[in-house]
Structures are given as structure tokens and as C-alpha cells.
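Down below is the structure, laid out as C-alpha cells.
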Amino acid sequence: MLTLYNSLSKKKEVFKPLHPGKAGLYTCGMTVYDFAHIGHGRRYVGDDILRRTLARFGYEVTHVQNVTDVGHLSSDSDEGDDKMEKGAQKAGKNVWEVAEYYTKHFYDSMDLLNILRPHVVCRATDHITEQIDLIAKIVDKGYGYETPEAVYFDVSKFPNYDKLFGQKLADKRIAVREEVETGSHKRHAADFVLWFKRVGRFAGHVMYWASPWGDGFPGWHIECSAMSMRYIGDTIDIHTGGIDHLSVHHPNEIAQSEAATGKQFVRYWVHHAFLIVDGKKMSKSLGNIYTVEDVKKKGFDSLALRYFYLTAHYRKPLNFTWEALSAAQRALGQLRSCISGAGRTTLSREKLENVDNFRRKFDTALEDDLNTPNALAVVWEVVKSSIPPADKRDLILDFDDVLGLGVGQQPREHKTKVTRDIQDLLAKRVQLRKENKFEEADSIRKAIEDKGFVVEDSPKGTTVSAGAQHRLRS
């Protein structure tokens, strides 16, 4: 039986959907004001594994994902500047052009990672009516209140709001930066915006619609509630997001949704841990935010990145390095080699039982809260087993229906020639290491990697590779 760790109950639970044989899956999508990066890639590959696993176990999945193209401010607590308008100013475009451009970039990046497209992709700006209707229902039931600048949700009216995901009201970070402005008419600091009015600092907001409370635009949180209800229903089986949504966005979704309907909003909450780079949080100031295109420019297959993601459990932080990605690319290449050119054979009863055992072990790993490291371990057990090559191929391809590594495909790398200047740098680095000048040698390694190559040291020597394809031995 499939078990999932439910972030709300803080324990693994057997998955039991609202409607037998069906699974409603809502995955929080991008705010499309900037490029998607490899941290996003990890999160959405995790969602893809979940969806593929549900399908493997016989569920008819309805997968819905939003595109936030209005209403998300610089603070997740609905304060500060509008991210879409900031993105437009940075790009020198209008907000509609920015939304279109970055939405396309996001889904192009997801395609490179072999992530299945959602059954429904819904833009917030296409569902303003649904959001207004939901806000009106919340206000009518006494959970919302109008002020001169906005319509707010009153968190004090919602029982146990401060217990959602273990977040106490006193611990919520509201308006933590000096440049963030808070609503001056809020009843409580944690009250959140349902509808922004086009007044004050938002008087010139270019995205606005008519509403019962005046021209304006929706808050970020109401979007997910309205669109998930539109396409799945009042109750969702599984709702996913990053761990950054635990403190503000998802508690607010629960409160406003259940206030409106009186029903449980989500049965299982799934949250993904962050990706870090070279042991540090990704940030523009550190220059360590990479896109999938950056990975490809370095000569790597984008599906090697997907393989790398699967080496850690989705609830554990994962550290990205170019060396780790190079190892993932080699592993993916070995899997592809294992299944190529195999002919059909007849299995003995003993080997047929081995195939069934491998399949059970693989499914058991998935059933245990989507344990992809254990699932990959089963794949390598198959590779090393004595079952005939053709049956290894069939079994690995069967597993790949979930893993999505495209092992039956040709590599997607850009081949890069190892040039003379790289050879010279490599030779200099080898000499510096012999002289125990490791700091200088490390600076040369970084210079080589900046040019799109990967340096690896082993007892057999040092290699430099372009996308793990061309190698030099020194």
C-alpha cells in the first residue's frame, strides 16, 4: 500500500483517496516573473514521481497546476512590491509579456527534465471570477473583512489556525524587511489579503479587475484555493509544494478554503526539501543559481540532472555539485548501455521469480513515501543480476515508467571539445598537486569548470571531461 508523509499530521499515512481509484493532485506552480532554476527542477521532478507512482498503482490521476501571474508580493505574507511588476521593470517588458515569456521558459525547462505536463494548467488571471466568488463566500460567512486598502481574512475566526503545520502566530514572520509595507487596517498581524484594492501604493497597478470591493487584484493565496476547487473539487486528495510554503501560503489556503466550504481542504500534504549548491543556499549574490539550460551548456544531459535528483529522498536537502552531476551522468549512461541491443530469451522459472522479486522490491520502495534512492538501488541490483539482458532491459524500462530517466533514449548532451588551453590548465594543475600546492591547484580546477568542464581526481589519475563524454588521461 502506498504511504505518504503527511506534513499536517507529521507522520506517514496509507494513501486513501476521497474517491476509490481516483486521485486529485494539485501542485503549486511558478510565479512567472523570473527564470526557473534547478531548485525548481528538483521540486517538480518530485511531483512527477508522485504522479507516475499513483498511475503505476492503478489510480486515475487528475493533475492540476497553477501559474501565478498576478498577486504574489515580495513577501509571502502578502506584503511589499508585486513580483510581476518588479519582473517587468527588470526585463523592460509589460507584465503580460513577462508572464508569457517566463511561463514558456518554465514548461520548456520541465520538458527537458521529462516531467509530464499537468492535465490542467490554470493561470490566475484567467480565473478572476472564481476568485471573486470565493472571496464573497468567505466574507458572507464572517471570515473576511473589508478595509480601505484591501479585503482581509480574519485568522482569529478560524479555529486552530495557529496549529496548522505547527506554526504559532507569534512565530510567523510578518513584514520582516524594512522595505516591506504592512496593511495599516489589519485587525491582526497574521491576517492575509484576499483582494487588493487599486488605491494607495497600488493605485497605479496595471493588472486590475472590477469587484464588489472596487477595482483591484487578488491576493496570492486565494488563487490556489479557487483554481483547485474549480478543477478538482472542495477536497483535494494530495496538495504539494516546497517547504517554504509550510509557514504562510499553505496554512492560509487551508483557512480560507475550509472557512468557505466547511469541508476538509486537503487529505495529504506533501512538501519537498530544498536543493542547495556547493553546500550553500542558492542566491543571486553568490552567483550559484543555475537553470537547466546552464546544465546543458556545461555539456550535460538534462536527464542526468533528473537522475541526480532521485539519489536523495524528496524530504531531505540535496547538495548539488558539478562532480555529483558528472557521476549521475555516468550512471545514466551505464543504464542506457545495459538495455541496448538485447535480444529476446526464454526465462526459466527461477529467473522469472527473480524478475517478480525485483518488481516487488521496486514497488515497495515507491510505496514507502516515494523512496527513490531505494528504487534506484533496485535498478542497479537488476543491472548486476544474472537474468538475461533482454529481461533486464524490459524490467528497467518498466521501472523507468516511474523514474522518467529516458533510458531508452539517446543522450541529450551538447558535445564540447577539450581544447588545448584546457589541456594546458590540466597539466599545470597536476604539477601543482605534485608540489602540494593545493589551493593554487583548486583555483585552476575552478577555472576549468568555469569553461564548462568537470575535473575528477582518482587513484588512477586526473581526468577532465566535457559533459562526461570526452576524457583525457594524464
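The values are calculated or read from the model by the stated rules, or taken from the named source; none is laboratory data. The structure displayed is predicted, hence computed values, not measured ones. Note that each Cβ is placed from the backbone with ideal geometry, even for glycine, and that neighbours are counted across all protein chains shown.
Here are a few things to note about the model shown:
- The residue list V193, V176, V151, V139 contains one member that is within 26 Å of the chain's Cα centre (by Cα) and at pLDDT 95 or above, which is V193.
- For Q131, the conditions (1) in contact with a strand residue (DSSP E or B) (Cβ under 8 Å, 6 or more places away or on another chain); (2) within 23 Å of W269 (Cβ to Cβ); (3) at pLDDT below 90; (4) of a type in the set (S, T, N, Q) are fulfilled apart from (3).
- Residue within segment 52-59 that is surrounded by fewer than 21 Cβ atoms within 10 Å (Cβ to Cβ) and closer than 18 Å to Y290 by Cβ present: no
- Criterion: over 16 Å from M207 (Cα atoms), at pLDDT below 95 and among the charged types (D, E, K, R) - qualifying residue of D69, D108, D76, D81: D76
- Segment 73-119, subset small (G, A, S) and farther than 25 Å from V193 by Cβ, residue surrounded by the most Cβ atoms within 10 Å (Cβ to Cβ): S109
- Considering S283, S211, the condition of being part of a loop (DSSP other than H, G, I, E, B) and either of a type in the set (A, V, I, L, M, F, W, C) or surrounded by fewer than 16 Cβ atoms within 10 Å (Cβ to Cβ) (or both) is satisfied by S283 alone.
- Any hit, segment 268-280, residues being part of a helix (DSSP H, G or I), under 29 Å from H250 (Cβ atoms), in contact (Cβ under 8 Å) with a residue 60 or more places away in the chain and under 14 Å from the mean Cα position of the chain (by Cα): no
- The one condition in (1) part of a loop (DSSP other than H, G, I, E, B); (2) of a type outside the set (V, I, T); (3) surrounded by fewer than 21 Cβ atoms within 10 Å (Cβ to Cβ) that G29 fails to fulfil: (3)
- Within segment 276-320, the residues that satisfy the criterion of being more than 17 Å from G333 (Cβ to Cβ) and aliphatic (A, V, I, L, M) are I276, V277, M282, L286, I289, V292, A312, L318.
- Within segment 356-401, the set of residues being outside any helix (DSSP H, G or I) and modelled with pLDDT under 95 comprises S385, S386, I387, P388.
- Neighbours by Cβ (under 8 Å, 6+ apart or cross-chain): first from segment 128-157, at positive phi; second assigned to a helix (DSSP H, G or I): G142/K157
- Scanning segment 285-305 turns up at least one residue that is of a type in the set (F, W, Y), over 30 Å from E130 (Cα atoms) and out of contact with any Asp or Glu (no Cβ under 7 Å at 6 or more places or on another chain).
- Contacts under 7 angstrom Cβ, first residue in segment 96-110 being farther than 15 Å from T68 by Cβ, partner surrounded by 14 or more Cβ atoms within 10 Å (Cβ to Cβ), 6 or more apart: S109/A36; S109/G41; S109/T291; S109/V292; M110/Y44
- Check on G233, under 22 Å from A190 (Cβ atoms) and touching a residue at least 60 places away in the same chain (Cβ under 8 Å): no
- Between I254, I289, the distinction of being at pLDDT below 95, among the β-branched types (V, I, T) and either more than 19 Å from the chain's Cα centre (by Cα) or surrounded by 15 or more Cβ atoms within 10 Å (Cβ to Cβ) (or both) belongs to I289 only.
- Scanning segment 56-71 for residues that are part of a strand (DSSP E or B) and either among the basic types (K, R) or under 20 Å from the mean Cα position of the chain (by Cα) (or both) yields a count of 8.
- Test for D81: is it within 25 Å of I222 (Cβ to Cβ) and more than 16 Å from the chain's Cα centre (by Cα): yes
- Residue in segment 16-26 that is buried (at least 23 other Cβ atoms within 10 Å of the Cβ) and within 14 Å of the chain's Cα centre (by Cα) present: yes
- Residues satisfying the stated conditions in segment 298-330, i.e. of a type in the set (G, A, S) and either modelled with pLDDT of 95 or more or in the same structural domain as N114 (by TED's automatic domain parsing) (or both): S302, A304, A312, A324, S326, A327, A328
- Yes/no for T321 being polar (S, T, N, Q) and in contact with an Asp or Glu (Cβ under 7 Å, 6 or more places away or on another chain): yes
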